[in-house]
Amino acid sequence: MKTLLVLTIVISSFSATLAVSYKNGEEIEHKSLTLGEVLDGDRMAKSDYKIRFKENIQNHKLCDLTLSEQEVQYLREAVEEHYYYEFVINDIPVRDFIGHLEESGFVPHTHKLFLWTHQHYNIYYNEDKIIYVNVTKEHSPISLDDVEAPMTVKITYSVTWIPTKISFADRGHLIQDNSFFPRSLEIHWLSIINSMVLVFLLMGFVVIILTRVLKNDFARYNIDEEGRDEVDTDEYGWKIIHTDVFRFPERKSLFSSILGVGCQFLAVTVGIIGMALLGMFNVHRHGAMNSAAIFLYALASTIAGYVSSTYFRLMGGTKWVSNVNLTTVLFAGPFFLIWSVQNSVAWAYHSTQALPFTTIILLFIVWLCIGYPLTVFGGILGKNGVTEFNFPCRTKNIAREIPSVPWYRSHWAHFAVGGFLPFSAISVEMYYIFSTLWGREQYTLYGILGVVFVILLSVTACVSIALTYFQLAAEDYRWWWRSVFSAGSTGGFVLMYCLFYYLKRSNMSGGLQTIEFVGWSLLTCYVFFLTLGTVSFFASLAFVKYIYRNIKMD
């Protein structure tokens, strides 16, 4: 008995203008999608291809497609921009370009555009299981140059069934090794190794220098009173501000909320990378990472509420309810504002990137019934479990005057150094991630991503400790907020890279793509600020406690 196979066509969010129905005016039958697929802008619809198991087909007519002048122009632009289509058969993605571009740089210059009208599908099977599918072209394409509209195109296809000995359990390797997307694995690894060498040299330099300097500082500050009279009568440096260094910062609620949300994103990132390394995200699972990120963010709200409430109470805060509410909206507020603008523009352009009303309601329910209650629950745990900061020094009531410093030791210089060094550790990986998000590559090298993430955290901690030491050595005790902004300024460098990528590396244009890119770029930079700022503060806090615990106090 022959089984009818249904091919599903995926309509991408940025190619919605080119969605030409094969239904000859009939209503398209759409496939039920997961939350992640909807968020990814996918809209899967069942095609008119009639394919039966083990039944070869030769030059079968699919339809006669009549194209208007505007639709022909759309096709020309799509071919020039290398648009491709994607079919899904038995959870196997099949991709190919819709046309062909021939261009010559010699004189005379030629620029020819062609449309593929025939597809030949090779389906590999093992007994009653489909293992792999690819597409080839045997017919010559039709020219899109100097055609008169309206034009009628005959769309045909062929199917060849090929037996194979590859087992069904091993077909995932074939799907992941699809060579349709360009790969540069060797260059990727070489770039990452180069970054790792530079980062390790930087970390070694910071550790060695700080170790030697701290050793001299401890020897000078821990000298007994008789030796001190003979050696030095004046105190200076970071010991002299020991009565102010643990003075709590201003805007305690905002400060603790940043720490809470930063820890939340750290947990989400670790969870996503861990799930990816376990093989839970495959190229044929559309939107799986989007769904995982949403639910991990909701579940990690407990961490945000706990950390924020804990540090708020440790710093003497009393209005913990307001602090929990601020923690809840610290990221959700800007996200909702930017997303509202993006979704409105997508609706205006009739793009599939615009979320359906039911999906919007679902996301709101997830936040209202899971995210917000878990934030409150974590806040209650943090409020009730708090004790007190274990500071090695007491803080005086009157703050010490802070001396002036040259420009190269100012907070702006710290922000520049503290942001550039962590960004340099991820600059190579940023290209591949952006090519995945905004291009047509597929990211599968999650092991490299995990290594880069560890490097990023290590560099952030080292740079934060070094900058905090230089600040304290200049007798400036206001390290709390500066430690957050020192490494959090990496988000500013990421924003500059986003602008560079948009202007020099991408071919984006128009209102929809610009709004989408700018909106997600701003949110990405904000996440970098929250996450790395949190890592920077905790590293500086541990360092400050360490150095003041190891000196003698009067």
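Just to verify a result, which residue in region 317-351, among those that are closer than 25 Å to GLY382 by Cβ and outside any helix (DSSP H, G or I), is least open to solvent (accessible area, probe 1.4 Å)?
My answer is GLY317.
Could you please tell me which pairs satisfy a Cβ distance under 6 Å, a separation of 6+ or placement on different chains, a first residue in region 63-74 that is among the β-branched types (Val, Ile, Thr), and a second residue that is outside any helix (DSSP H, G or I) and open to solvent by 70 Å² or more (accessible area, probe 1.4 Å)?
Note: pairs meeting the criteria are THR66/PRO150; THR66/THR152.
Exactly one condition in (1) free of Cβ contacts under 8 Å to residues at least 12 places away in the same chain; (2) under 20 Å from the mean Cα position of the chain (by Cα) is false for GLY450; which is it?
Every listed condition holds for GLY450 apart from (1).
Tell me which of these PHE453 doesn't satisfy, since it passes every other one: (1) over 25 Å from PHE248 (Cβ atoms); (2) touching a Leu at 6+ places or on another chain (Cβ under 9 Å).
(2)
Please determine, by comparing only the residues of region 500-513 that are touching a helix residue (DSSP H, G or I) at 6+ places or on another chain (Cβ under 8 Å) and not small (Gly, Ala, Ser), which one is farthest from ALA78 (Cα to Cα).
First pass over region 500-513, keeping only residues touching a helix residue (DSSP H, G or I) at 6+ places or on another chain (Cβ under 8 Å): 501-502, 505-506, 508, 511-513.
Remaining after also requiring not small (Gly, Ala, Ser): 501-502, 505, 508, 512-513.
Numbers: TYR501: 21, TYR502: 19, ARG505: 18, MET508: 13, LEU512: 16, GLN513: 15 Å.
Filtering region 500-513 for residues that are touching a helix residue (DSSP H, G or I) at 6+ places or on another chain (Cβ under 8 Å) and not small (Gly, Ala, Ser), the one farthest from ALA78 (Cα to Cα) comes out as TYR501.
Six or more apart or on different chains, Cβ under 9 Å: which pairs go from a residue in region 352-364 that's surrounded by 13 or more Cβ atoms within 10 Å (Cβ to Cβ) to one that's basic (Lys, Arg) and not in a helix (DSSP H, G or I)? Could you list them?
If the second residue must be basic (Lys, Arg) and not in a helix (DSSP H, G or I), the pairs left are THR352/ARG43.
Under the condition of being among the aliphatic types (A, V, I, L, M) and surrounded by 13 or more Cβ atoms within 10 Å (Cβ to Cβ), which residue from region 398-412 is farthest from LEU472 (Cα to Cα)?
Here the answer is ALA399.
Checking THR460 against (1) of a type outside the set (A, V, I, L, M); (2) closer than 16 Å to ILE402 by Cβ; (3) modelled with pLDDT of 90 or more, which test does it fail?
(2)
From the list LEU355, LEU374, which residue is more than 30 Å from ALA466 (Cα to Cα), in a loop (DSSP other than H, G, I, E, B), in contact with a helix residue (DSSP H, G or I) (Cβ under 7 Å, 6 or more places away or on another chain) and not basic (Lys, Arg)?
LEU355
Residues to consider are ILE223, ILE240, ILE193, ILE187; find the one that is open to solvent by 40 Å² or more (accessible area, probe 1.4 Å) and at pLDDT 70 or above. Working first, answer last.
Working: ILE223 fails: at pLDDT 70 or above; ILE240 fails: open to solvent by 40 Å² or more (accessible area, probe 1.4 Å); ILE187 fails: at pLDDT 70 or above.
Answer to the check: ILE193.
Being open to solvent by 70 Å² or more (accessible area, probe 1.4 Å) and polar (S, T, N, Q) is the filter; apply it to region 41-67 and report the residue that is nearest to VAL88 (Cα to Cα).
Selected residue: ASN56.
Within region 11-20, is even one residue over 24 Å from GLY510 (Cα atoms) and at pLDDT below 85?
There is no residue in region 11-20 that is over 24 Å from GLY510 (Cα atoms) and at pLDDT below 85.
Do we find that PHE528 is open to solvent by 30 Å² or more (accessible area, probe 1.4 Å), in contact with a helix residue (DSSP H, G or I) (Cβ under 8 Å, 6 or more places away or on another chain) and under 30 Å from LYS239 (Cα atoms) in this structure?
No; evaluated as a whole, the condition is false for this residue.
If the requirement is being among the hydroxyl-bearing types (Ser, Thr, Tyr), touching a helix residue (DSSP H, G or I) at 6+ places or on another chain (Cβ under 7 Å) and assigned to a helix (DSSP H, G or I), which of these qualifies: SER486, SER424?
None of the other options fit; the residue is SER486.
Looking only at residues in region 368-394 that are modelled with pLDDT of 80 or more and among the hydroxyl-bearing types (Ser, Thr, Tyr), which one is nearest to ILE303 (Cα to Cα)?
Filtering first and then ranking leaves THR375.
Which of (1) outside any loop (DSSP other than H, G, I, E, B); (2) within 21 Å of ILE551 (Cβ to Cβ); (3) open to solvent by less than 50 Å² (accessible area, probe 1.4 Å) is the odd one out, the single condition GLY447 does not satisfy?
With respect to (1) outside any loop (DSSP other than H, G, I, E, B); (2) within 21 Å of ILE551 (Cβ to Cβ); (3) open to solvent by less than 50 Å² (accessible area, probe 1.4 Å), GLY447 is out only on (2).
Out of PHE415, PHE389, PHE434, report the one residue that is in contact with a helix residue (DSSP H, G or I) (Cβ under 7 Å, 6 or more places away or on another chain) and surrounded by fewer than 16 Cβ atoms within 10 Å (Cβ to Cβ).
PHE389
The values are calculated or read from the model by the stated rules, or taken from the named source; none is laboratory data. These figures come from a predicted structure and were not determined experimentally. Every residue, glycine as well, gets a Cβ built from its backbone with ideal geometry; the counts of neighbours run over all protein chains shown. These accessible areas exclude ligands, DNA and RNA; they are computed on the full protein's heavy atoms, side chains included. Shrake-Rupley method; radii C 1.70, N 1.55, O 1.52, S 1.80 Å.
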